1. Starting from the stretch 147-158, keep only residues that are within 20 Å of ILE128 (Cα to Cα), then list their pairs with residues that are assigned to a helix (DSSP H, G or I) whose Cβ atoms are within a distance under 8 Å, requiring at least 6 positions of separation or different chains.
2. Looking at the stretch 83-141 only, could you name the residues that are among the polar types (S, T, N, Q), part of a helix (DSSP H, G or I) and under 26 Å from GLN34 (Cβ atoms)?
3. Restricting to the stretch 23-68, count the residues that are out of contact with any helix residue (DSSP H, G or I) (no Cβ under 6 Å at 6 or more places or on another chain), among the polar types (S, T, N, Q) and either crowded, with 18+ Cβ neighbours inside 10 Å or in a helix (DSSP H, G or I) (or both).
4. Give me the residue from the stretch 156-169 that is hydrophobic (A, V, I, L, M, F, W, C), touching a helix residue (DSSP H, G or I) at 6+ places or on another chain (Cβ under 9 Å) and in a helix (DSSP H, G or I) and, out of that set, farthest from GLU39 (Cα to Cα).
5. Going by the conditions given, is VAL82 touching a residue at least 12 places away in the same chain (Cβ under 8 Å) and either surrounded by 12 or more Cβ atoms within 10 Å (Cβ to Cβ) or among the β-branched types (Val, Ile, Thr) (or both)?
6. Hey, can you tell me all the residues within the stretch 46-94 that are of a type in the set (S, T, N, Q) and either at pLDDT 95 or above or closer than 19 Å to ASN107 by Cβ (or both)?
7. Among residues belonging to the stretch 89-130 that are of a type outside the set (A, V, I, L, M) and in contact with a Lys or Arg (Cβ under 9 Å, 6 or more places away or on another chain), point out the one that is nearest to ALA167 (Cα to Cα).
8. Among residues belonging to the stretch 122-167 that are in contact with a Ser or Thr (Cβ under 7 Å, 6 or more places away or on another chain) and within 21 Å of ARG41 (Cα to Cα), point out the one that is surrounded by the fewest Cβ atoms within 10 Å (Cβ to Cβ).
Amino acid sequence: MKMPKTCLFILCLVLALAATASAQASKVGFVNPQRIINESRIGRIAQDDLARLGREKDRRVRESLMRVEAIKAELEKGTLSVSEEQARERALRLAAREYEMLVEESNADIQSEERQLIQFVMRRADSILRRIAEEAGFTMILTDPEIIGYVAHSMDITDRVIKELDAMI
């Protein structure tokens, strides 16, 4: 069955108007997760835990580097026999390899903990976001400030989320 061009045009126009009306009815909110992490009590507590982990990792890395430097210093003295020098060179290579692995593992651990921290805090904020979305009529709440060029102050609910998170503790 072939549709007359006029009917097809009217159908397209009606669909376009419906899509426009639907898009106009949408209301989008915004929350900045980094501000929630930095400014909420729960975020600051989690950051303190992450900082403690970072200090412990740094301590272990420094100790490993000191072992490498001690072996280097021993070799630089030039007082070792040939066999002792060869053994110390092997020990140096092993210590340097362990140091490099420790640095990589420490960085990976800290990055993993940081991701978990953000997930933990944002999961706590999720129920607040849902409630605010329902109350304010938001159809969507964006959480990635990197993809947003402009946010009207009235759509940024970060302060309210921080306030309500703090009230939970």
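The values are calculated or read from the model by the stated rules, or taken from the named source; none is laboratory data. Because the structure is a prediction, the values reported are computed rather than measured. No Cβ is skipped: glycine too gets one built from the backbone with ideal geometry, and neighbour counts run over all protein chains shown.
1. Note: pairs meeting the criteria are ILE157/LEU129; ILE157/ILE132; ILE157/ALA136; THR158/ARG35; THR158/ILE36.
2. SER106, ASN107, GLN111, SER112, GLN116, GLN119, SER127
3. 4
4. By that ranking, first place goes to MET168.
5. Taking the combined requirement at face value, the residue does not satisfy it.
6. Result: GLN47, SER64.
7. ASP109
8. Top of the filtered list is ASP166.
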